[in-house]
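Engineer: Take a look at the following structure, please.
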Amino acid sequence: MNYRSFDHLSADTQEWIVDLPDDLDLIVGIPRSGMLVSNLLSLHLNLPMTDIDGLREGRLLQTGERYDGEFDLSEFSTILVVDDTVYTGSEMTDAKSTIDGFDLSADVYYGAVYVDEGSERFVDTYAQTLPFPRVFEWNMMHHDFLVDSCVDLDGILCRDPTPEENDDGPKYREFISTVDPICVPSVEIGQIVTCRLEKYRSETAAWLDEHGIEYDELVMMQYPDKATRVAAGNHGEYKAEVYGSSDAKLFIESSHSQARTIAMQTNKPVYSKEQNRMLQQGYLTRVARNGRMSIEAVKSDPLRYVDQLRSDPVDFVKRASSVFL
């Protein structure tokens, strides 16, 4: 599973700049995600930008220092049309067809930050080849891939309850019935996998329906009450069992500790919202290796680590914890 965050996009776009034509004077973004790239390039290069409709109508969305509101599109001689990614090439082909109809006198180049293997032919320039399957921070919850995914509920679709709200009684029922969504996916979710108890299914299903959140299956914990669930303490293991026994290709989890458990028990990709990273086999191998090395180091000189713990216990715990993050 290839994952890119906003941080990745910014860094990869900046590195791409050195490969772009030197005489660019206008950036055009393909809505919607291409506007992220056009904004970044416009800021880094201090160039004006617009979208395809703006190109048609002769208006700029961002002007740069050379323009103060007065402009003429005939002034532009080299234009770059950008998108975040190219997969089938259909959107880039449509953009080319549309812009060809504008009869521009400028040289027009087409580019994307990420292209699939074999899709390089649709663009003049690109930053990286990024094979499918892939997901991006900016479209993860609105991508068709969601139908093949397991998704946590609290912390992803809505916020977590406060301790006061989480009373396993009337306050909790009010919370799950009235909490505002923080994300409403525009596509169907394969499985919503939540640690909410089965006895709250009717309220949870009603809330999902009220906010137009579509899903194939809602999986809930079977414990009779919160106290039993807390005593079991197996939230990550429970989610791992559901994910591991399904055909889902991704688990989207709010808690990093649970994400780690799910990933390590299933050896399948898990997205940790808390740390905004994709946990998969390379990550798990590194964690295991670091853990083994740390254990061997402690065995070889235990008194040294005892002294470190005594001298600065807070720092010791931080450094020890970082091995397994």
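The values are calculated or read from the model by the stated rules, or taken from the named source; none is laboratory data. All values reported here derive from a predicted model rather than from experimental measurement. We place every Cβ from the backbone using ideal geometry, glycine too, and count neighbours over all the protein chains shown. Heads up: the accessible areas ignore ligands, DNA and RNA and are worked out on the full protein's heavy atoms, side chains in. Shrake-Rupley method; radii C 1.70, N 1.55, O 1.52, S 1.80 Å.
Engineer: About the Cα centre of the range 50-168, how large is the charge dipole given +1 on each Lys and Arg Cβ and -1 on each Asp and Glu Cβ? Please answer in debye to the nearest 20.
Structural biologist: Dipole about the Cα centre, nearest 20: 620 debye.
Engineer: Of the listed pairs Lys171/Lys239; Lys171/Lys249; Lys199/Lys268; Lys96/Lys273, which have alpha-carbon separations greater than 28 Å here?
Structural biologist: Cα-Cα > 28 Å for Lys171/Lys249; Lys199/Lys268; Lys96/Lys273; rest within.
Engineer: Another one. Cα centroids of the range 154-188 and the range 21-52: how far apart, whole angstrom?
Structural biologist: 39 Å
Engineer: Could you check the simple spin-label distance between Glu198 and Glu241, using points 7 Å along Cα→Cβ, in nm with one decimal?
Structural biologist: My value for the distance between the label points is 1.2 nm.
Engineer: With the chain treated as a Gaussian network of Cα nodes joined by springs under 10 Å, which of Asp148, Asp116, Asp168 yields the largest mean-square fluctuation?
Structural biologist: The residue with the greatest mean-square fluctuation here is Asp168.
Engineer: Given a Förster distance of 45 angstrom, what is the FRET efficiency for Arg304 paired with Thr93, based on the Cβ-Cβ distance and rounded to 0.05?
Structural biologist: According to the calculation, E is roughly 0.10.
Engineer: Going by amide H atoms built from the backbone, whose H comes under 5 Å of the H on Tyr109, apart from near neighbours?
Structural biologist: Close amide H contacts, sequence-distant or interchain: Ile79, Leu80, Val81.
Engineer: Cβ under 14 Å from Arg201's Cβ, Arg201 left aside: what net charge do those residues give with Lys, Arg +1 and Asp, Glu -1?
Structural biologist: Around Arg201, the charge tally is -1.
Engineer: What is the extension gain from Ser257 to Asp160, computed as 0.36 nm multiplied by their sequence separation minus the C-alpha to C-alpha distance, in nm to one decimal?
Structural biologist: 33.4 nm is the gain from fully extending Ser257 to Asp160.
Engineer: Roughly how many Å² is the accessible area per residue of the chain, as a whole number, for a 1.4 Å probe?
Structural biologist: Ligands and nucleic acids excluded, the result is 51 Å² per residue.
Engineer: Restricting to Cα atoms and excluding each atom paired with itself, what does the Kirkwood estimate give for the range 84-240 in Å?
Structural biologist: 18.8 Å
Engineer: So, one more: Quick one: what do you get for the chain if you divide its Cα Rg by 2.2 N^0.38 Å?
Structural biologist: Scaled against compact globular proteins, the figure is 1.25.
Engineer: Would you work out what percent of the accessible area of the chain, with all protein chains in place, is carbon or sulfur (probe 1.4 Å)? Before the final figure, lay out each step's value.
Structural biologist: Details: 7910 of 16450 Å².
The computed percentage sits at 48.
Engineer: Relative to the longest principal Cα axis of the chain, at what angle does helix 34-45 sit, 0 to 90 degrees, rounded to 10?
Structural biologist: 70 degrees
Engineer: Let me spell out the model: positive unit charges on the Cβ of Lys and Arg, negative unit charges on the Cβ of Asp and Glu, origin at the Cα centre of the chain. What dipole size does that give, in debye rounded to 20?
Structural biologist: Its charge dipole is roughly 2060 debye.
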